[in-house]
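Here's the structure we're looking at; comments come further down.
The values are calculated or read from the model by the stated rules, or taken from the named source; none is laboratory data. The structure presented is a predicted model; accordingly, all values stated were derived computationally and were not measured. Please note: Cβ atoms are built from the backbone with ideal geometry, for glycine as well, and neighbour counts cover all protein chains shown. Just so you know, the surface numbers come from the protein's heavy atoms only, side chains and all, with ligands and any DNA or RNA stripped out. Shrake-Rupley method; radii C 1.70, N 1.55, O 1.52, S 1.80 Å.
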Amino acid sequence: MIKEMNKEIFLQCLDMAIQEIKQKEGIQFTEDAFIINTIFEEGKILNGKEEVMRLNILNKSRIDKHIFTKDEVVSMLTFFSPLVPIWIDIKYVPNYEGKSVFELNCSLRLRKPSLLKNQDSGHPPFRTIFRSCI
């Protein structure tokens with residue numbers, strides 16, 4: 001179980017998830033780009049920090065149709081470090097606007113490291129989604 005979270009650890013977990021997808025799907029690209037989608041979870045109430053994340057950092061008008069660098073993604077999703085989204089699904093999107101892009105579908109709920117989902121993956125909070133499984 002992960003007990004600590006900061007930008008460096010989050011980046012390591014993101015890199016491990018990306019490598020897992022690249023290996024499984026035979027992706028050769030070296031430059032990674034990202035799109036972020038926030039997932040509203042029915043029946044889940046957001047606290048103050050989560051509302052700040054929803055309204056400012058991951059505001060729909062700010063993230064819709066925008067392609068982010070890895071540094072931007074890490075900076076945004078670790079803004080309240082050690083609190084990070086409780087889960088993030090990551091999948092490869094081939095030829096997104098002519099680029100190699102990974103899609104991050106993430107919860108707006110922020111949790112401390114020991115409460116993150118996907119602990120068994122070795123790279124919490126990330127869960128890798130493969131095209132063959134969709």
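Some points to look at:
- Residue count for region 115-131 under the criterion of being touching a residue at least 60 places away in the same chain (Cβ under 8 Å), open to solvent by 40 Å² or more (accessible area, probe 1.4 Å) and either assigned to a helix (DSSP H, G or I) or among the hydroxyl-bearing types (Ser, Thr, Tyr) (or both): the result is 3.
- Residue list for region 75-101, restricted to those being assigned to a loop (DSSP other than H, G, I, E, B) and more than 30 Å from ILE2 (Cα to Cα): GLU97, GLY98
Residues are listed down the side, and each one gets a yes or a no for (1) more than 20 Å from LEU11 (Cβ to Cβ); (2) hydrophobic (A, V, I, L, M, F, W, C):
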position: ILE36; (1), (2): no, yes
position: LYS44; (1), (2): yes, no
position: LEU58; (1), (2): no, yes
position: VAL73; (1), (2): no, yes
position: ILE86; (1), (2): no, yes
position: PHE102; (1), (2): no, yes
position: SER107; (1), (2): no, no
position: ARG131; (1), (2): yes, no
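- Within region 98-112, residues that are closer than 19 Å to LYS70 by Cα and basic (Lys, Arg) sit with their Cβ atoms under 8 Å from residues that are open to solvent by 10 Å² or more (accessible area, probe 1.4 Å) and not in a strand (DSSP E or B), at 6+ positions apart or across chains, in these pairs: LYS99/ILE67.
- Remark: pairs (first residue in region 38-51, open to solvent by 80 Å² or more (accessible area, probe 1.4 Å); second residue modelled with pLDDT of 95 or more; Cβ separation under 7 Å; 6+ apart in sequence or on different chains) = PHE40/LEU108; LYS44/ARG109; LYS49/PHE80; LYS49/LEU83; LYS49/LEU110.
- Any chance ARG109 is open to solvent by 50 Å² or more (accessible area, probe 1.4 Å), touching a strand residue (DSSP E or B) at 6+ places or on another chain (Cβ under 8 Å) and not small (Gly, Ala, Ser): no
- Residue count for region 17-37, restricted to those that are in contact (Cβ under 8 Å) with a residue 60 or more places away in the chain and surrounded by fewer than 17 Cβ atoms within 10 Å (Cβ to Cβ): 6
- Every test in (1) in contact (Cβ under 8 Å) with a residue 60 or more places away in the chain; (2) in contact with a Lys or Arg (Cβ under 9 Å, 6 or more places away or on another chain) is passed by ASP89 save one, and that test is (1).
- Wholly within region 1-74, helices (runs of 4 or more DSSP H) carrying at least 1 residues that are at pLDDT below 95 and in contact with a helix residue (DSSP H, G or I) (Cβ under 7 Å, 6 or more places away or on another chain): 7-25
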